[in-house]
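Remarks on the structure that follows.
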Amino acid sequence: MIALADEMEQGKKKRERVAAERVPIPITLDCAMFNYEWDLWCKFRRSTKRSLSPAYIKGAFEEMAGWGVERAVAAMRHSRAKGYHGIFEPKESAWRAKEDADKAVAIRVD
């Protein structure tokens, strides 16, 4: 009975994986660099036992399409490095924001 339950669970996971792989990558993101990082992201998600449902993938693609390839790749790298379960852009640190504000003030004065 336990073996049957395990077999059914593995079949469900395989069906989810196949369905997720059928979600098309948006044209604006479809390049070698994005595809490589997306593959690494999918492997990372699976290694942490997180599902990759078609709904999750579609939502992620929609958000990343708005960011563009470079920001999407940076976000996937950042999220993997931090061990996040979702894809998040790196936040600018407070000192960096202050430094940029100081530069803006200096430019206005000149």
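The values are calculated or read from the model by the stated rules, or taken from the named source; none is laboratory data. This one's a predicted model, so the numbers in the text were calculated from it and none came from an experiment. Note that we place each Cβ from the backbone using ideal geometry, even for glycine, and neighbour counts take in every protein chain shown.
Things worth noting here:
- First in region 47-61 and among the charged types (D, E, K, R), second anywhere and exposed (fewer than 13 other Cβ atoms within 10 Å of the Cβ), Cβ under 7 Å, 6 or more apart: ARG50/HIS85
- When residues of region 29-45 are limited to those that are without any contact (Cβ under 8 Å) to a residue 24 or more places away in the chain and more than 12 Å from ILE87 (Cα to Cα), the one surrounded by the fewest Cβ atoms within 10 Å (Cβ to Cβ): ALA32
The rows are residues; the columns are (1) assigned to a loop (DSSP other than H, G, I, E, B); (2) of a type outside the set (Phe, Trp, Tyr); (3) at pLDDT 95 or above.
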{"position": "ALA5", "(1), (2), (3)": "no, yes, no"}
{"position": "MET8", "(1), (2), (3)": "no, yes, no"}
{"position": "PRO24", "(1), (2), (3)": "yes, yes, no"}
{"position": "PHE34", "(1), (2), (3)": "no, no, yes"}
{"position": "LEU52", "(1), (2), (3)": "yes, yes, no"}
{"position": "MET64", "(1), (2), (3)": "no, yes, yes"}
{"position": "HIS85", "(1), (2), (3)": "yes, yes, no"}
